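What follows is one structure encoded as structure tokens, with my remarks underneath.
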Amino acid sequence: MSTENKKVMVVGGGIAGLTAAWELSRFNIDVELIEKTPFLGGYAIRYCCKATDECRQCGACTVEAMLKNVVNEPKIKVHLATDVEKINNRGRLSVDLKKSSYKPDSATEGVVRGYSKNNSPLHVIVDKEKCEENPDAVPEGAVELDTMGFSGKLDVDAVILASGFKPFDAEQKGTYGYKKFPNVVTGMDLELIIRENAIVVRPSDGKTAQKIAFIQCVGSRDESLGNLWCSQVCCPYALRMAERIKHKNADAEITVFYMDIQNAGKDYAGFYEKCKTEFRFVRNIPVDVFPMENDSLSMRYMNEEDGLCINEEFDLLVLSVGIVPGPDNSNLADLFDVGLNEDGFFAGIDKLNSTSTLKDGIFLAGTVGGPKDIAASMAHAGQAASEVIKHLGVS
Amino acid sequence: MTDMKNTDMEEINIATDVLVLGGGLTGIKAASEIAGSGYKVILVEKDAELGSKKGPELIGLKEEYKGLQDLEDKIKTDSNVEILTQASLVSAAGVTGDFTARLSKGKKVIEHNVGAIVVATDFATGSLNEKYGLSPADNVLTQSRMDELLASEADKEKLANKTVAFLVGLGQEGNPLVLERVLKSTLALQEIDGCDVYIYAGDLKVASNGLERMYKESREKGAVYFKLTEKPEIIENGKTISFFDTVARRNIEISPDLIVVEEELRADQLNERIAEILKIDVGPLGFLQNDNVHFFPVRSNRDGIFVAGSTREISGLPSAWTDVENIALEVRDLLGDGKKSVAKNKAVVNEDKCVICLTCYRCCPHGAIYWGDKKAVISPVACQGCGICASECPMDAIQIGGFSDEEMIEEVKSGVASGNGTPRILAFCCQNSAFEAGEMADIFKMQLPDGLRMIKVPCAGKIDLDYILNAFVAGADGILVMACHPGNCKSEKGNTYAQWRVNDAYRMLEEVGLEKDRLCFVGTASNMGSGFSSIVVDMEKRINELGLSPLK
């Protein structure tokens, strides 16, 4: 059977969706890639390079490369600012699409910029009035959000759900003071700080942070939240980030508060040993954070040696927030008639084939099915593409 | 800017049979998927039976087990799969699309022409008793022995009313699969009357789907976890275990009936030999893939040779299955219908200049070069166009399409001469990293010196010493050689070669009395726009302090 006229819809333009779309296009399959925000790349495109004087295998650069592949591939048709509205299941899958109701997180500025030079458009006008007040500040080529998005019907032969995850909302753990104290940031914030500034500064005063604490498992492995999973990415990103900070600033004092450190990279034992010589590891998760005069933060934890409580001050607190199910999961589950598992991620058919679902023609890729790092999301997307190809009978 | 334009194409025929090394479950699955795509598979297993190592990788896959047996039965009757048991790979000549594999089976040697090779070895288990100072005894079991006991109804009964202690994560760093074995055993023991379970653990490696829930379930059913940062004191070969509890502030002593010691899961011993024959790299801990993100998930450093599951890292079956599906895609893409369109000018060897010194053969990271009667031969399928060979060739006998020496030197000269802005800074940028970062900095309007000129190269390994020297002669005030970070080069060593050439250039600059600071080697990544900006701005500052080049 030829691949002609075979068409697959990929829902979600993060790293899993991009990879799935690209893999399918290699086999001459037409892809309709749906992304609800005005930019491709998802969360992964926002991560910084964590290399010290050598690569640390975070994989952030591979996301840039995949985005470039996708935007240059004519077999992939991208629909930005677009959402799924309805599925009409008759033979081929007929999917109604609508303009998404995307709103940027912070609408303080009239224009939002993509995170990659490969984003097209690069600038999107989200608040016309603000832009009219100061037209010189509007970059050339900026596109109005209102004019974006696709409404209409598409007939496809299969759908890959790759709508991703949500970073845990650290405000839910109120005692950490996220968004109350300026120098409490999440791992996600830190990625952006480094990506934009190339160095780590305190949000309160722009000064280099010297004494930095990482708290692991924020939003993961937490019975009080009902989040009974390890997010699998936070130990690797926190340790790599800490290494990078230490590499740029040898005087930085870094403490990692943890329950169980998870492996990062293929030579994880060697990497962890190196980290142990450079940072202090405290097997204890502090609960309360108090603000100090100079916007520093005081934390209380138990000292293993004498069992007594210690109060210690830090310049910057990084909350290693985990992966939680995407905000659209329940809606997409209803639309596509695919089940979620007990944690709220999409359920695959079985442990060995976690990309196929019980619903014929609907497949899963990436963190939509549970926590994964960049490499694992890409591999999962490859698996999904392979299952789709088998499903379509393409040879 | 010169773009890699390979418009002059030729069509060549490639072999479409595929060799799969390893008849464990991963190898069986690989054979089944590839045969399912319409290619003939030769499946090679060293033992007498396929799928013979049904060990720890099956933990937790009770429901899937039936399907695995069907798969094994199916493969044995698949006319597209030739199974060779008690066989092994002796040699493999050639390149992707055209490997000649010689296989030995008993006294016979069988030759096969294959287009791709898949390595699917399993992991091996190793005892860690010594790490805990324990000797084999009736009360000391390996995890494998415990798995066996739990698999037999008769043995299971004997475990009633026993107190069992597990040691995990204190004799090794461990991984989720090691922990999964402990959790599965614990939950199984909790089904037996009167069993008490204690777990002495270092870091619990719960970074795999479902493990946190199993950990919780076992705790709720009464398992007691002692989370330690060092080994507990083990007295009388495991009769008693003691440690100081930092929360309770006292010693806790337990005398278990049985002590179960975690096992190491390590690379197959065959890996090293296979790597030697296939000329692929042995990565960390004896697994056959370097820790290089561009190879993930299933590529080796040689095109057409793929690595699956525990060949490349400790994998349970779910991730091995993911690998196999990715390999099925790669194989389809590579072999297609047996015809491949390749660029004629990817890398061209000049017969008049080549003296077959084998420099290129030795330095090619992709194993794409062999030799014929009169000259080195570069396979247009296997060649990745990095250009390391071209820059290393002592006779300058190799030219890369779109990046010939003539074109490059012309670009260097016009780069220094054209436009405005001083000081003149020439940045040789790897197209995979620095060039992308430079474009990002430009598009995002980050600060860049007026006198900066970027020159794109396919890989930093293509940056010839001649280009650097020519740039100085042409009047460049400063030169940056910008490569991928070590461990991130798609051609593995391109950045290392570039660094060596910069070191050579330093010696020459010293001889002619040019300041060393005018030349700088730096690693960068494609998403480091701000990093690129700060590197080139710093360079401009340094050059301004030195003043313009005296060679102008």
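Below, the figures for the structure above:
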{"item": "From the options A:331, A:311, residue that is free of Cβ contacts under 8 Å to residues at least 60 places away in the same chain, surrounded by fewer than 20 Cβ atoms within 10 Å (Cβ to Cβ), more than 30 Å from residue A:388 (Cα to Cα) and not hydrophobic (A, V, I, L, M, F, W, C)", "result": "A:311"}
{"item": "Exclusive hit being in contact with a helix residue (DSSP H, G or I) (Cβ under 9 Å, 6 or more places away or on another chain), β-branched (Val, Ile, Thr), under 28 Å from residue B:214 (Cα atoms) and in a loop (DSSP other than H, G, I, E, B), set A:256, A:287", "result": "A:287"}
{"item": "Condition met for residue A:231 (in a loop (DSSP other than H, G, I, E, B), within 27 Å of residue A:367 (Cβ to Cβ) and in contact (Cβ under 8 Å) with a residue 60 or more places away in the chain)", "result": "yes"}
{"item": "Flag if residue A:63 is over 23 Å from residue B:528 (Cβ atoms), modelled with pLDDT of 95 or more, of a type outside the set (Ser, Thr, Tyr) and crowded, with 24+ Cβ neighbours inside 10 Å", "result": "no"}
{"item": "Search result, residues across the stretch B:498-526 that are away from every other protein chain (no Cβ under 14 Å), buried (at least 19 other Cβ atoms within 10 Å of the Cβ) and hydroxyl-bearing (Ser, Thr, Tyr)", "result": "none"}
{"item": "Helices (runs of 4 or more DSSP H) enclosed by the stretch B:149-255 - at least 1 residues per element that are within 27 Å of residue A:345 (Cα to Cα) and within 14 Å of another protein chain (Cβ to nearest Cβ)", "result": "B:176-189, B:211-220"}
{"item": "The stretch B:376-396: number of residues that are surrounded by 17 or more Cβ atoms within 10 Å (Cβ to Cβ) and assigned to a loop (DSSP other than H, G, I, E, B)", "result": "10"}
{"item": "Filter result (over 19 Å from residue A:300 (Cβ atoms) and not in a loop (DSSP other than H, G, I, E, B)) within the stretch A:180-190", "result": "A:185, A:186, A:187, A:188, A:189, A:190"}
{"item": "Condition met for residue A:139 (farther than 30 Å from residue A:329 by Cα, within 14 Å of chain B (Cβ to nearest Cβ), modelled with pLDDT under 95 and in contact with a strand residue (DSSP E or B) (Cβ under 7 Å, 6 or more places away or on another chain))", "result": "yes"}
{"item": "Number of the exception - residue A:16 against (1) within 11 Å of chain B (Cβ to nearest Cβ); (2) within 30 Å of residue B:530 (Cα to Cα)", "result": "(1)"}
{"item": "Residue within the stretch B:428-438 that is more than 30 Å from residue A:122 (Cα to Cα), part of a strand (DSSP E or B) and either touching a residue at least 40 places away in the same chain (Cβ under 8 Å) or within 14 Å of another protein chain (Cβ to nearest Cβ) (or both) present", "result": "no"}
{"item": "Considering residues of the stretch A:309-361 that are part of a loop (DSSP other than H, G, I, E, B) and closer than 22 Å to residue A:185 by Cβ only, the residue nearest to the other protein chains (Cβ to nearest Cβ)", "result": "A:322"}
{"item": "Which listed residue is at pLDDT below 95 and either in contact with a strand residue (DSSP E or B) (Cβ under 6 Å, 6 or more places away or on another chain) or basic (Lys, Arg) (or both), from A:130, A:75", "result": "A:130"}
{"item": "Residue match in the stretch A:36-43 (condition: touching a Lys or Arg at 6+ places or on another chain (Cβ under 6 Å) and either away from chain B (no Cβ under 14 Å) or not small (Gly, Ala, Ser) (or both))", "result": "no"}
{"item": "Residue, farthest from residue A:265 (Cα to Cα), within the stretch A:57-71, restricted to residues that are more than 7 Å from every other protein chain (Cβ to nearest Cβ) and touching a Gly at 6+ places or on another chain (Cβ under 7 Å)", "result": "A:67"}
{"item": "Test: residue in the stretch A:201-220 that is more than 16 Å from residue A:49 (Cα to Cα), within 12 Å of another protein chain (Cβ to nearest Cβ) and either over 20 Å from the mean Cα position of the chain (by Cα) or outside any loop (DSSP other than H, G, I, E, B) (or both)", "result": "yes"}
{"item": "Filter result for residue B:385 (closer than 14 Å to residue B:456 by Cα, outside the structural domain of residue B:456 (by TED's automatic domain parsing) and not aliphatic (A, V, I, L, M))", "result": "yes"}
{"item": "Of the criteria (1) under 23 Å from residue A:310 (Cβ atoms); (2) within 14 Å of another protein chain (Cβ to nearest Cβ); (3) not basic (Lys, Arg), which one residue A:255 fails", "result": "(2)"}
{"item": "Scan of the stretch B:190-220 for residues that are more than 30 Å from the chain's Cα centre (by Cα), under 22 Å from residue B:319 (Cα atoms) and of a type outside the set (D, E, K, R), ordered by number", "result": "B:214, B:215"}
{"item": "Those residues of the stretch B:325-375 which are under 17 Å from residue B:96 (Cβ atoms), of a type in the set (Asp, Glu) and part of a loop (DSSP other than H, G, I, E, B), in sequence order", "result": "B:337"}
{"item": "Residue in the stretch B:527-539 that is away from chain A (no Cβ under 14 Å), modelled with pLDDT of 95 or more and either over 30 Å from residue A:114 (Cβ atoms) or surrounded by 22 or more Cβ atoms within 10 Å (Cβ to Cβ) (or both) present", "result": "yes"}
{"item": "Qualifying residue in the stretch B:453-461 (condition: part of a helix (DSSP H, G or I) and either within 12 Å of chain A (Cβ to nearest Cβ) or modelled with pLDDT under 95 (or both))", "result": "no"}
{"item": "Evaluation of residue B:314 against (1) outside any helix (DSSP H, G or I); (2) more than 11 Å from chain A (Cβ to nearest Cβ) (one fails), failing number", "result": "(2)"}
{"item": "Pairs, first farther than 12 Å from residue A:363 by Cβ in the stretch A:337-348, second among the hydroxyl-bearing types (Ser, Thr, Tyr), C-beta under 8 Å, six or more apart", "result": "A:339/A:357; A:340/A:330; A:344/A:330; A:345/A:367; A:347/A:357"}
{"item": "Among residues of the stretch B:453-482, those that are over 25 Å from residue B:395 (Cα atoms) and among the aliphatic types (A, V, I, L, M), counted", "result": "5"}
{"item": "Pairs where the first residue, in the stretch A:263-288, is farther than 23 Å from residue A:222 by Cβ and within 7 Å of chain B (Cβ to nearest Cβ) and the second is part of a loop (DSSP other than H, G, I, E, B) and charged (D, E, K, R), C-beta under 6 Å, 6+ apart", "result": "A:265/B:291; A:266/B:291; A:266/B:313; A:269/B:173"}
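The values are calculated or read from the model by the stated rules, or taken from the named source; none is laboratory data. In this text, all values refer to a predicted model and were calculated from it rather than measured experimentally. For neighbour counting, all protein chains shown are included, and Cβ atoms are generated from backbone atoms with ideal geometry for every residue, glycine included.
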